[in-house]
Amino acid sequence: MRHSFSLGALLLISLPATGAELPEGYWTVEKTQPILDAALRVTLDPDLSHLTEGELRALDELLAAGRIMHALFEEQRHAGAADARLALETAHARSTNTATQNLVDLYYLSKGPITTTLDNERLPFLPVDAEDPGKNVYPVGLTRAEIDAYLAAHPHEAKSILDERSVVRRATANNIAAELEQLAEFPEIDALHSGLRQRLEMLRPNPNTLYAVPYALAYAPQLRDARTHLNLAADAIADESPDFEAYLRNRGRDWLTGDYEAGDASWVSGSFNGLNVQIGSYETYDDALYGVKAFYSASILARDEQKSRALATAISGLQAIEDSLPYDHQKRVRSQIPVGVYNVIADFGQARGANTATILPNDADHARKYGRTILVRNNILTNPAIFANRKRRYDAVVDAAFRDHLTLNGGFNRTLWHEIGHYLGVSVTADGRSLDAALADFSDLFEEMKSDLVSLFAAPALRDAGYYDADAMRAHYADGIRRTLQVVQPRPEQPYQNMQLMQFNFFIEHGLIELRGQPALLTINYDRYHEVVGKLLREVLQLLYAGDYDMVKLFVSRWNYWDEKLHGRLAERMRESAGYRSTLVRYRRLNDE
Ligand SMILES: [Zn+2]
């Protein structure tokens, strides 16, 4: 990514001209090389010959908007990201050598100056502060207990402080002055956010007072630039794809209002041609403090028309699957949900990496009113190197008789039905609260576990409907077990890994999987599969419906355990299988990175 050089940032750190002596806080080759060696490098270069001239012009604008999303994401995750990156790139430009090249690559892989070590620790590799659970969207050092105490004393502020698109700050004189100055520079934000100015003006400087400002104000300059690119993209395809045009213009306006309803509605229900884009702030995985703040991302996608059509006909009868779920509060679901198969052109921010599929929006009201769109990422899901790496790990711990059961298609289908699983089951608590609000830091973990289990639970129904033959169902099941295998002990704030570990523990305690032989390898008792998955799914759906934080916490502490003699040994064997630990994805279309 290119930077405009800011003199202020350049003066912050002055680096020596030779790379031989790295400044304090810069990791050496000895520390960076093992992490980079463990990263599988993949370059995505999908065929774009089906795009029209207008779409290609729109694509350039979308890529420009995506770069802004990426920079915003890095800023949201770490206050020191931009300066650290600039200093590193300056050093690298002055004297290119392995040490600085590795640091540049590690920054790219880590999307910021904090990396995940092979021991699954989060550490800075450049001279920046350690990572805060609240990242850069809460004040440094703020704890959950302090937020809870503050909200108990000021309940009317819960809405703004826990809003998914607001930054929480302490009411220092400097902060208040900076907010008001930014608001004066963006009168359109002032006009669209009634009451914001008064709230800010009424704040008295006191570092114990917390307040929140909408992303629309906090990131106003960057969002204005990104909006310009969306409008130019809209201009380029206006004649040929009016629905896509409307979506892009609405999304640009969403960034001003802070309300994504218009963009979400026109995104989910619009009919687009060759291009699609997920853009804005959606997923809350990076908020390890409260699990509510959305982080910026963009995915720019080329539609695979043939595969999309085949898929749309294959998934009918969703209501029957919803009705079969083991709970008593079934809802009406749409029989036709917008699902498309896409090839990734480029990903930015939170979306960058080897994500296999996405379903959005998450907002329960928007999902109820407009539905959700499912974006299946074909050139990730069918990438042979990524599959080979997964299979190597699976083979290392699974009995030989089960190894052939894992297939590329099994992974494709399990993932697809995981995404559909987000659509089914409980979406609000019995008393009408959103799951994010009720389950707080456990909400992502439960939402993802529900979706994994719905996917597995649906498999026999899909076989009965003729969608699967016996082998395809077995491949879906085998991938469900592969999914639960952990190469390292998860950190508490990793929702996916922890819910996978919980499934593994539930499965092994209920005899769905078993360790046999010497060395002990996993066997799968397929005849137990549906019953055990149904039992766990029933518990998960009940907990979601009750929305009781303490019960959820108890359930997690019951199933989320790590035993070195069991999990540790399996993890070690997978690590020894020489599989890659992470995926470093690059994009041909972004050839300057
Ligand atoms: Zn998911």
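The values are calculated or read from the model by the stated rules, or taken from the named source; none is laboratory data. Worth saying up front: this structure is predicted, and the values here are computed from it rather than measured. Please note: Cβ atoms are built from the backbone with ideal geometry, for glycine as well, and neighbour counts cover all protein chains shown. Accessible surface areas use protein heavy atoms only, side chains included; no ligands, DNA or RNA. Shrake-Rupley method; radii C 1.70, N 1.55, O 1.52, S 1.80 Å.
Computed values, structure above
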item	result
Leading residue at positive end of dipole, the chain (Cβ point charges), from Gln336, Tyr496, His366	Tyr496
Per residue accessible area of region 58-97, 1.4 Å probe, in Å²	31
q = 0.13, 0.15, 0.19 Å⁻¹: log10 I(q)/I(0) that the Debye formula gives for region 357-515, counting C-alpha atoms only	-0.67, -0.89, -1.36
Rh (Kirkwood; distinct C-alpha pairs) - region 439-525, Å	14.2
29 Å Cα-Cα reach of Lys159 towards lysines, excluding residues that sit fewer than 8 places from it in its own chain	Lys135, Lys293, Lys331, Lys369, Lys450, Lys553
Accessible-area ranking of His50, His422, largest first, probe 1.4 Å	His50, His422
Net length gained if the chain between Ala130 and Asp404 were fully extended (0.36 nm per residue, minus Cα distance)	94.3 nm
Isotropic mean projected area of the C-alpha convex hull, region 281-394 (nm²)	9.6
Distribution of pairwise C-alpha distances over the chain, 10 Å bins, in %	3, 16, 26, 28, 19, 6, 1, 0
Exposure of Glu531 as accessible area (Å², to 10), given a probe of 1.4 Å and all protein chains	110
Relative packing of 540-552, 450-462, 196-208, which averages over residues the other C-beta atoms within 10 Å, highest first	450-462, 540-552, 196-208
Hz values of 3J(HN,Hα) by residue in region 317-331 - Karplus curve (6.51, -1.76, 1.60), Gly and Pro given as x	x, 5, 4, 4, 5, 4, 5, 7, 5, x, 7, 10, 10, 4, 10
Apportionment of accessible area to carbon and sulfur, region 69-125, percent (1.4 Å)	52
Cα lying deepest toward the dipole's positive end in the chain, options Leu318, Gln278, Ala153, charges on Cβ	Leu318
Per-residue ³J(HN,Hα) for region 290-307, Karplus 6.51 cos²θ - 1.76 cosθ + 1.60, θ = phi - 60°, Hz, x for Gly and Pro	10, x, 10, 7, 8, 10, 6, 7, 8, 10, 10, 10, 9, 6, 9, 4, 5, 5
Accessible-area composition of region 134-293, carbon plus sulfur, in percent [1.4 Å probe]	53
Integer Hz, Karplus 6.51/-1.76/1.60 couplings in order for region 531-541, x for Gly and Pro	5, 5, 4, x, 5, 5, 4, 4, 5, 5, 5
Calculated [θ] (222 nm, deg cm²/dmol) that DSSP helices of n ≥ 4 give over the chain, each run adding -39,500 (n - 2.57)	-16000 deg cm²/dmol
5 angstrom amide H check on Leu44, placed H, neighbours 5+ away	Arg586, Tyr587, Arg588
For region 412-501, accessible area per residue (1.4 Å probe, heavy atoms of protein chains only), Å²	30
Surface per residue (accessible, 1.4 Å probe) for region 238-345, Å²	36
Furthest towards positive pole of dipole, Asn208, Val585, Asn174, structure part the chain, Cβ charges	Val585
Long-range tail of P(r) for region 48-150 (Cα pairs > 16 Å, %)	67
Only Lys, Arg (+1) and Asp, Glu (-1) charged, at Cβ; region 307-423 dipole about Cα centre in debye	300
For the chain, size of Cβ-based charge dipole, Lys and Arg +1, Asp and Glu -1, in debye	860
Pairwise label distance in nanometres, Arg368 with Thr117, each label 7 Å out on the Cα-Cβ vector	4.7
